[in-house]
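Participant: Here you go, one structure.
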There are 2 protein chains.
Amino acid sequence: MSVTEIYPADRVMLREVGLRDGLQMVRTHPSTRAKINWLAREAAAGMPCFETGSFLPAHSFPQFADVQEIVDAAHRAGVHGVGLVLNERGAETGIRSGVAELACVVSATETHSQANVRRTVADSIAVVAHACALRDASPHKPLVSATIGMSLGCSMTGPVPLSSVLSIAERLFEAGIDVLNLADTVGYAGPAQVSGMVRAVRNLGAGRPLAVHLHDTRGLGLANAAAALDQGVCILDASLGGLGGCPFAPRATGNIVMEDLVFLCEKMGFATGIDLAALCAVRDILKQEMPDEPLYGGFARSGAPLGFAPTPLPG
Amino acid sequence: MSVTEIYPADRVMLREVGLRDGLQMVRTHPSTRAKINWLAREAAAGMPCFETGSFLPAHSFPQFADVQEIVDAAHRAGVHGVGLVLNERGAETGIRSGVAELACVVSATETHSQANVRRTVADSIAVVAHACALRDASPHKPLVSATIGMSLGCSMTGPVPLSSVLSIAERLFEAGIDVLNLADTVGYAGPAQVSGMVRAVRNLGAGRPLAVHLHDTRGLGLANAAAALDQGVCILDASLGGLGGCPFAPRATGNIVMEDLVFLCEKMGFATGIDLAALCAVRDILKQEMPDEPLYGGFARSGAPLGFAPTPLPG
């Protein structure tokens, strides 16, 4: 499938990242069976896209040792699966897995790049180019996306010049990515900043879609999501219950809360096709498997407003 | 002072409502000494405006029995004090207290009006008119503001027609109010709805300022605040730590979190003049006085972004 078939320009696509980003730092890992159940139930609630795990050595990241099984579960559920790729070997494993999208990561700053992956930004872009070459040579041609981490502020160097992000974005599009993802990895952004960055970046990719990956570290995650939606961004990452912290921001909450993001989209007139009550019910799996992890979110706690009607899907 | 001296059209004014709205439902009430300390320390952090309490019978609302002392503390701290008025007697007590602003409330729906104050909407508007008459006859001429509760959705009737809110707003301006406050009492709103309502209402008052009072019940409070700021609203209510629930929305969190709202304003380029670190430190008083009350907020937990610089105040 082409990128515009998977991510149509006229439809908001939400991506559940709890099964990867959400599990990056948790103390207890859900069983493979529980993960598959989580994916299947959330897919049944209407979620179209899932991060399935990370293609990393299982001895270092045991929580992702079962990534192949989750990739397969996404195929069975008929949803779009994404797998994280941090190096050449990961790209090769990812291609072999049959996952529908390889998600690469590049830091917006050299300092963070060295600290995170002991590699320059240019070397990280080379990994992306390698993934794109593998894609082009593969029979099934998965999408290749790239996330620019810390693009809205860096926990190691502070404010990030927009020109740095634009330069990296241009090189990533040249390397052949299908989707660009701007990440506020540590929750530094505000809505005016998100709007400005989206306006600056969105025309670089000759129609290739833009995604945002927002964290709610300082309470502005949903305000930033609204700003991105207002600027025409159609792909947004979030996790059920806001599961997931950040290794670069101690004490920080993680991703924006999926349930609240769905409510935001519906209230703004962007149909998601997601059944909010069914989505909230999937939190039970997380509570059971990871009882020590705090789950966030106002919608799940308070329920739908009286008379609330989701935006109808077109067609 | 005139309304435009107190609420200049070119400056964001945040109002701490924790000492009234925040205390509406708490299990333990802070001592008068602690309230005065809270107000004084938050004023010293730069907060320009405080709800001081409610002019209601002390036997029914013991948490507001000391409202006169808090009004006096606001005067001593040189900040703008607001007192809640729900009936004629409250308006008279409020005028005598010397509080700088009488805040009246009108429900957006007849059903909620009857349930909340056993009075029609028209009778509530008559209370507002009475407060305005008392103001005009008084030597010190406090401001009179009116909040339209449930204006963005009603927990008893569901969606509220914009035309109902417009009609009530017109009658309130005719009654002589100085400030109109639109309240999303139960957290039903989304940012597009807030924008639309502000655009519809803001020209009714012939330059008299508009305020918004938002709750974070379903996670969209800060997104709604950003929408209001984008539409030129300069007066926003919030409470330290998001203190306060809602009698009409069981299990609901309360007001939007002041610390996160200040961060939002500063990130959007609206100077608040508030020292965020000093503001966060005031949470200690709430923790000590009300240990059972959950305090919310990302900024207080995570701290300022590296290199974060507040927007400079003009002049």
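The values are calculated or read from the model by the stated rules, or taken from the named source; none is laboratory data. None of these values were measured; they are calculated from a predicted model. Here the Cβ positions follow ideal geometry from the backbone for every residue, glycine too, while neighbour counts run over all protein chains shown.
Participant: Could you list, in sequence order, all residues of the stretch B:99-134 that are under 20 Å from the mean Cα position of the chain (by Cα), part of a helix (DSSP H, G or I) and within 27 Å of B:Ala73 (Cβ to Cβ)?
Facilitator: B:Val127, B:Val128, B:Ala131, B:Cys132
Participant: Could you please find all residues in the stretch B:162-182 being touching a residue at least 60 places away in the same chain (Cβ under 8 Å) and either of a type in the set (Val, Ile, Thr) or over 18 Å from B:Cys132 (Cβ atoms) (or both)?
Facilitator: So the first thing to find is which residues in the stretch B:162-182 are touching a residue at least 60 places away in the same chain (Cβ under 8 Å), and the list is B:168, B:172, B:177-179, B:181.
Hits for the stretch B:162-182 are B:Ile168, B:Ile177, B:Val179.
Participant: Further question: So which residues in the stretch A:293-315 are touching a Leu at 6+ places or on another chain (Cβ under 8 Å) and within 8 Å of chain B (Cβ to nearest Cβ)?
Facilitator: Of all residues in the stretch A:293-315, those touching a Leu at 6+ places or on another chain (Cβ under 8 Å) come to A:293, A:295, A:298-299, A:304, A:310.
If the condition is that a residue be touching a Leu at 6+ places or on another chain (Cβ under 8 Å) and within 8 Å of chain B (Cβ to nearest Cβ), then A:Gly298, A:Phe299 are the ones that fit.
Participant: Which one of B:Leu306, B:Leu313, B:Leu295 is without any contact (Cβ under 8 Å) to a residue 12 or more places away in the chain and assigned to a loop (DSSP other than H, G, I, E, B)?
Facilitator: B:Leu306
Participant: Can we say A:Cys234 is modelled with pLDDT under 95 and surrounded by fewer than 22 Cβ atoms within 10 Å (Cβ to Cβ)?
Facilitator: Numbers: modelled with pLDDT under 95: no; surrounded by fewer than 22 Cβ atoms within 10 Å (Cβ to Cβ): yes.
It is false that A:Cys234 is modelled with pLDDT under 95 and surrounded by fewer than 22 Cβ atoms within 10 Å (Cβ to Cβ).
Participant: I'd like to know if the stretch A:284-292 contains one or more residues that are within 13 Å of chain B (Cβ to nearest Cβ) and surrounded by fewer than 16 Cβ atoms within 10 Å (Cβ to Cβ).
Facilitator: Quick first cut of the stretch A:284-292, residues within 13 Å of chain B (Cβ to nearest Cβ) only: none.
Within the stretch A:284-292, none of the residues are within 13 Å of chain B (Cβ to nearest Cβ) and surrounded by fewer than 16 Cβ atoms within 10 Å (Cβ to Cβ).
Participant: Now, a different point. Out of the stretch B:51-67, which residues are surrounded by fewer than 16 Cβ atoms within 10 Å (Cβ to Cβ) and touching a residue at least 12 places away in the same chain (Cβ under 8 Å)?
Facilitator: B:Pro62
Participant: Within the stretch B:252-267, can you find the residues that are within 15 Å of B:Pro294 (Cα to Cα) and surrounded by fewer than 24 Cβ atoms within 10 Å (Cβ to Cβ)?
Facilitator: Result: B:Ala252, single match.
Participant: From A:Arg27, A:Arg20, which residue is in contact (Cβ under 8 Å) with a residue 12 or more places away in the chain, among the basic types (Lys, Arg) and within 13 Å of A:Ser239 (Cα to Cα)? Steps first, please.
Facilitator: Values: A:Arg27 fails: within 13 Å of A:Ser239 (Cα to Cα).
The conditions single out A:Arg20.
Participant: Another one. Considering A:Val127, A:Val82, which residue is away from chain B (no Cβ under 14 Å), touching a strand residue (DSSP E or B) at 6+ places or on another chain (Cβ under 7 Å), in contact (Cβ under 8 Å) with a residue 60 or more places away in the chain and not hydroxyl-bearing (Ser, Thr, Tyr)?
Facilitator: On the way: A:Val127 fails: in contact (Cβ under 8 Å) with a residue 60 or more places away in the chain.
The unique qualifying residue is A:Val82.
Participant: When the stretch A:135-163 is examined, which residues are found to be assigned to a helix (DSSP H, G or I) and either crowded, with 20+ Cβ neighbours inside 10 Å or at pLDDT below 95 (or both)?
Facilitator: Filtering the stretch A:135-163 for residues assigned to a helix (DSSP H, G or I) gives A:135-137, A:162-163.
Result: A:Arg135, single match.
Participant: Could you please let me know if B:Thr52 is under 27 Å from B:Ser138 (Cα atoms) and part of a helix (DSSP H, G or I)? Working first, answer last.
Facilitator: On the way: under 27 Å from B:Ser138 (Cα atoms): yes; part of a helix (DSSP H, G or I): no.
Considered against the rule, which asks whether it is under 27 Å from B:Ser138 (Cα atoms) and part of a helix (DSSP H, G or I), B:Thr52 comes out as no.
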